[in-house]
Amino acid sequence: MKIAIVKLSSLGDVLHALPVAHALRRHFSRAHLTWIVEARESAVLNGHPALDAVESVDTRLWRRLVWRPAGVPEVARKLGRLTERIRRARFDVAIDLQGLMKSGLLTAFTGAPVRIGFALRYCWEPLNVLFTNRRVAPPPAAVHVVDQCLSLLEPLGVKPGAPVWELPSNPEAERRIDEFLAEQGVKPHDRLVMLNPGAGHPEKRWPLARFGRLAERLAVEAGARVLLVWGPDEETMARGIAAGMTSRPLLAPATTIPELSALLRRASLMVAGDTGPLHLAAALGVPCVGLYGPTRALRNGPYGARCRGLQSSNGTLAAITPDEVFGTALELLE
């Protein structure tokens, strides 16, 4: 059996869907599993033991190209080559875990006779249902998006059990991170707490001053080494937090996804808003505190027994206090 998993982006969403691959591999041990994903997010899937192939697409590039004079023909050629590759694979099953128009189109392009997706009310874009022929409404117990993704395996007779991620490590990335931490004087027994102030949307960012107050308390009262983690266009945020602190936090270097994974494997705790690095930490088994305002922690929070999602009382992250976050962080650290 050849199965295509369609989950394009973002990093956190791909990580939420990743247990589907493990469940399929466990049930169909000889199946050929291909994941269709955006180029930027493909790094978290490369080398995954449950997957046979990763097919990357770059719809972000396509959207930029269409505004150029010769962009439309170029996008058409790229889409044509992608469609040809997908069709040539002759998939038996395609599973659309995204519920968007673009994911639906890619699901249809597979030509798979069985195309599984979410029922209408669970699709982000309703027209997605035009491209699937097995539509699943997750059961009421499937509140978290991880469990909702796993519920799409029901038409295949798969009983997924507890979610499993199995993220592979990259030896070269591990070496670089070990060198960085050694240079910073971080010992293996140190209580290393990582804070990530960035997020893709401004409303998902906790105020920097509050991150600073939390970092001070973690360093002084909890005896933690605080490491500020940042992504593209977020270094200024991390430096701003560090500049306002009396204790000296560490500033992470620029990292690739494998390097970020290696860094997170050393963490005693991760604190962040609803963003990819938070979910990467949770997938690696790191205790996490997630800060939630406009999105629901019950549905989108860090997944795991040692993870907590703190929900704002009014939908804004500013309503979550440093004292509340520190108390939860200390509980997990202890």
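Read-outs: derived from the displayed coordinates by stated rules, not from any lab. Model, not experiment: these values are computed from the prediction. Cβ sites come from the backbone with ideal geometry, for glycine too, and all protein chains shown count toward neighbours.
What order do you get for 71-77, 297-303, 162-168 when each peptide is scored by the mean count of other beta carbon atoms within 10 Å, highest first? Please report the intermediate quantities before stating the final value.
On the way: 71-77: 13.1, 297-303: 20.0, 162-168: 15.3.
Averaged packing, sorted descending, gives the order 297-303, 162-168, 71-77.
Can you sort W67, W230, W124, W206 by how many other beta carbons sit within 10 Å, fewest first? Can you show the working numbers first?
Values: W67 8, W230 22, W124 11, W206 26.
Fewest to most other Cβ atoms nearby, the residues stand as W67, W124, W230, W206.
What are the lysines whose alpha-carbon lies under 27 Å from the alpha-carbon of K159, with same-chain residues fewer than 8 places away excluded?
K2, K7
Taking the 0 to 90 degree range and rounding to the nearest ten, how far is the long axis of helix 171-183 tilted relative to the main principal axis of the chain, both from C-alpha atoms?
Value to nearest ten degrees: 10.
Any idea which of A142, T110, A215 is furthest toward the positive side of the dipole for the range 91-247, if Lys and Arg beta-carbons carry +1 and Asp and Glu beta-carbons -1?
A142
Can you list, by residue number, the Cys in the chain that have no neighbouring cysteine C-beta under 4.7 Å?
Among the cysteines of the chain, those whose Cβ sits 4.7 Å or more from every other are C123, C149.
Which log10 I(q)/I(0) values, to two decimals, does the range 2-156 give at q = 0.21 Å⁻¹ under the Debye formula with one point per Cα?
Per q value, in the given order, log10 I(q)/I(0) is -1.46.
If Lys and Arg each add +1 and Asp and Glu each add -1, what is the summed charge of the other residues whose beta carbon sits under 9 Å from the beta carbon of T107? Write out the running numbers ahead of the final one.
Numbers: positive: R115; negative: D96.
Summing Lys and Arg as +1 and Asp and Glu as -1 gives 0.
Provide Rg over Rh for the chain; use the alpha carbon set for both Rg and the Kirkwood Rh (inverse mean inverse pair distance). Intermediate results must be reported in sequence, preceding the final value.
On the way: Rg = 20.8 Å, Rh = 21.0 Å.
On the Cα set of the chain, Rg over Rh gives 0.99.
Quick check on the exposure proxy: order E203, E38 from fewest to most C-beta atoms within 10 angstrom.
On the way: E203 13, E38 19.
Neighbour counts put them in this order, fewest first: E203, E38.
So for K187, K78, fewest C-beta neighbours within 10 Å to most, what's the order?
Fewest to most other Cβ atoms nearby, the residues stand as K187, K78.
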